[in-house]
Structures are given as structure tokens and as C-alpha cells.
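Rule-based calculations on the coordinates, nothing more; no lab input. All of these numbers come straight from a predicted model, not from anything done at the bench. Counting neighbours? That spans all protein chains shown, and the Cβs are built from the backbone with ideal geometry, glycine included.
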Amino acid sequence: MTGYTCPYCGAKLKIDRARQKAYCEYCHSDFALQDDTVTPFDREKEEKDRENRLAELAAKRRARLEKLTEEERARRKKWLWISIIAALIIGGTVWITAGKMIRAARHDHDKIGITVQSMTSEEDSNHSYIYFDFEIRNDSKATVDYIKVSTRMKDLNGKSFGTVTSEFGSLSGGSVLSLKPGRSTIEEVYLSENTKLMTQFFQRIYGKTPEDLLIEQEILYVRWSDGFVYKR
């Protein structure tokens, strides 16, 4: 195994003779191993195949979402009205802290709920994918444009084995979440790894459903449409 180096960066290659593969852990390049010779994969073809597969999977996801009944969609997007308790006037005193209390009530990140509704695993000849459907509920009193959340995965015994960080919306001028008060939405994100080089974490959640795991979420960052920001 000694002597195999990456033709791109010169780093030592990791050899998998059983699969006739070689992998550079430094620049993440894949190679075919044949007759003790390493040959780079056709990156352009592999990327094009991957893009075509992603397009096919996106079409499947759209078809799957269209099968949801109107009743189910209405249930997920129903209005959740809450009330805000205003500060009380005591005697003839002015509302010195009223503005702060109302502002805090409008931007309470604890009023934002995030749950994993479903997990779907799929694969093609080169890559494996795990799709997460997150339900986001905004029970604060201001429109939410961006959320960053950490999802911790645990087995059914409560032992943690990894986390996934997800972002919904954009902070850099892209499409914002625009989730209005009292509403909920379903947002989809996915993980992707080379099927033959899957990490241990990816293998542990591949093929699983939310019922097979203990899933905990922690909100790391929220930006409301009026510019107010929460950061953990």
C-alpha cells in the first residue's frame, strides 16, 4: 500500500482493494485501482450523472408532495393564534418597560418549533441520499426570514452519535423563509455521500425513520424580517 500518492495533491492515498478503489483524504479525489495503477474517475461525467440523478429525485419528491391531501396540507399550515399579555399600568406610572416587554414577546425564539416529520433514504449507482422533512412553526409575533438549527441524533437508549446543522432561508440576499406569525411550513433538506465511502454517522441514520431515533433540536440563530436577531 505504500507508494500510492494522489496525482492532484501528492498526499498518500487510502486503498480499498476489495472494491478496487483509491481515495485521497486530503483533496477528496476518487480513483480506480487496476493492475496496481490508480486512474482518476471522469469527474465531469460523474458530476453530470449526479446532477441528472438529483433532478430525477427532485421530480420524485415533488410528485410525492403533490399526493398529500388538501386536508393534510391544511392541517400542517393551520393558523396557530396566540395572545400577548401587555404590561399593566400600576397607578399613574408610565410604561417605562412596556416597549422592551412587547419587543421581547414579538421575538421569542422559544415560540418557534421545529420537528423532523419524515426521513427518506434513496441511492443511485454512486451516491446515497437522506432527505429530511422539517416542520417549522412560527408562534412568535413577527415574520421569520432565517433560522439555523442543530439536530442531535440519539439511539433509542439516549446515546448521542452525531449532529446535523440545517439552515432555512438566507442571510446573504437569497430567498428568505418569510414565515409569518401563527403559520407553519414544511421545508426539505438532504445529506449526500459517496455510497462506497459512507461515514459511520451516515450509515447509522441511512434507512431510518424519526421513530427509530431520538431527535433533539436546538435553535442556533434566528433573524426576523424587521431585523431583530437571536443568536445562541
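Structure above, values below:
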quantity: Calculated P(r) tail over 18 Å for region 118-232, as whole % of Cα pairs; calculated: 56 percent
quantity: Efficiency of FRET between Lys14 and Gln200 - r from beta-carbon atoms, R0 22 angstrom, step 0.05; calculated: 0.90
quantity: Linear extension gain, Glu218 paired with His28, 0.36 nm per residue minus alpha-carbon span; calculated: 65.3 nm
